[in-house]
1. To the nearest 20 Debye, how big is the dipole of the range B:8-217 about its Cα centre, given +1 on the beta carbon of each Lys and Arg and -1 on that of each Asp and Glu?
2. Buried accessible area for the A:B pair, summed, 1.4 Å probe, in Å² rounded to 100?
3. Compute log10 of I(q)/I(0) for the range B:54-113 with the Debye formula, placing one identical point scatterer on every Cα and leaving out solvent, at q = 0.19, 0.22 Å⁻¹, to two decimals.
4. Could you please state, rounded to a whole Å, how far the C-alpha centre of the range B:142-166 is from the C-alpha centre of the range B:21-57?
5. Using only atoms on other chains, find how many Cβ atoms lie within 10 Å of each Cβ of peptide A:70-78 and report the average.
6. Whole angstrom only: what separates the Cα centroid of the range A:91-107 from the Cα centroid of the range A:108-134?
7. Find the relative contact order for chain A and round it to a whole percent, using C-alpha pairs within less than 8 Å whose residues are 6+ positions apart.
8. Could you work out the local net charge near B:Thr35, counting Lys and Arg as +1, Asp and Glu as -1, over the other residues with Cβ closer than 11 Å to its Cβ?
Protein chains: 2
Amino acid sequence: MNLVDLRLYAIVDPERTAGKTLADLARQVAEGGATLAQLRDKLSDTRPFIEHAKAVQAALAPHRVPLLINDRVDVALAIGADGVHVGQTDMEAADARRLLGPKAIIGLSLKSMADIEAAPIELLDYVAIGGAYTTTSKETKTPPVGLDGFKTRVAAMRARAPGMPIVAIAGIDASNAAGVIDAGTDGVSVISALSKPADSVAAARELRDVVDAALAKRGRA
Amino acid sequence: MNLVDLRLYAIVDPERTAGKTLADLARQVAEGGATLAQLRDKLSDTRPFIEHAKAVQAALAPHRVPLLINDRVDVALAIGADGVHVGQTDMEAADARRLLGPKAIIGLSLKSMADIEAAPIELLDYVAIGGAYTTTSKETKTPPVGLDGFKTRVAAMRARAPGMPIVAIAGIDASNAAGVIDAGTDGVSVISALSKPADSVAAARELRDVVDAALAKRGRA
């Protein structure tokens, strides 16, 4: 398993930059304290996707923030990204691991209890669990399970794989981030709360402070 | 350069099977004499795309028809396809060659004279040139250049790379295939003319006969 710092996991998406360039958005979140970044690009053709990935990679490099690519192992390979994040309809983690090798970071989205039970934990460096809050960033067919349902999912994952890093995803901002950390996760994965504010540096800094404080509090408990 | 038989290059697409299963369509065109096949899937998520690719690969295997994947190097790598076909907005041929290795078949679509002049011929095993006829299978922004314009393009490619295999694409059926072979190409790439008929074996056999006859006539000329 590769070490991965999930505290503030910024997802950047060319459709959701709120008028910034994608590179500027990536630079701002890195400057504000993002510990990991993911490029999600569901509409571009492969060539512009790769161009986007290169621009984000260059923006992150001075801050040494690793870059994962959503879904597309080909794009990750083409630019030499640090890994991929895959969902339940993306490439199987086993294929991604075989193609990317042992040093790539591979994360998997878990949407249901069945996903949690079936996750190929030996192949993964982290998992993403959603459902605590309502997201506006992604069309989703499943309504949120709420914070209690979310805690049940996190506990089920911990029961299966005690050491597996878990990032909370969907609908998280500075006002509710402490709740998902208190539920036992290692960080938050965020799109809108970082991209929408005009100053994404400040937005990242604020969110990172909330996460760090919640983790410190849990560490003392 | 890898040897590639372009005489009847069947493109199969899960959106265009005319009610057949994708595997049945692939099996039928192979049985009817397809010499090369490509899976194009512009709508599926990566996991079902890979499932489609495995099904087509299994259907083609008894006929030893090589399978290329449109655009997606990750899918090609995941299933061990014979290569990829890329367009002008897909991954650069240089990246595809680096990721797939020297034995992969890599073909490139050339849409304009500028594309023909810029094609990285040293990286390619064949090129596809369109524009002779009007296609109904693909949304395209460029109107056909007609058979004379097509001949000019083929000649320009031959001038740059005399030995480069060239396949004609777009709007080709048994009634007009001889025209593009006479224009100097090595074969035809076809979707609708093979997939739409109820009997795709017969459709492939008919088209293959037309191509073989036109190539034989040119050989004697």
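The values are calculated or read from the model by the stated rules, or taken from the named source; none is laboratory data. Quick caveat, the model's predicted, so the values are computed rather than measured. We place every Cβ from the backbone using ideal geometry, glycine too, and count neighbours over all the protein chains shown. Heavy atoms of the whole protein, side chains included, go into the accessibility calculation; ligands, DNA and RNA do not. Shrake-Rupley method; radii C 1.70, N 1.55, O 1.52, S 1.80 Å.
1. 100
2. On the way: alone 10060 and 10030 Å², together 18320 Å².
Counting both chains, the buried surface is close to 1800 Å².
3. -0.65, -0.83
4. Taking the Cα centre of the range B:21-57 as reference, the centre of the range B:142-166 is 28 Å away.
5. That average works out to 6.
6. 16
7. After rounding, I find 24 percent.
8. Residues near B:Thr35 contribute 0 overall.
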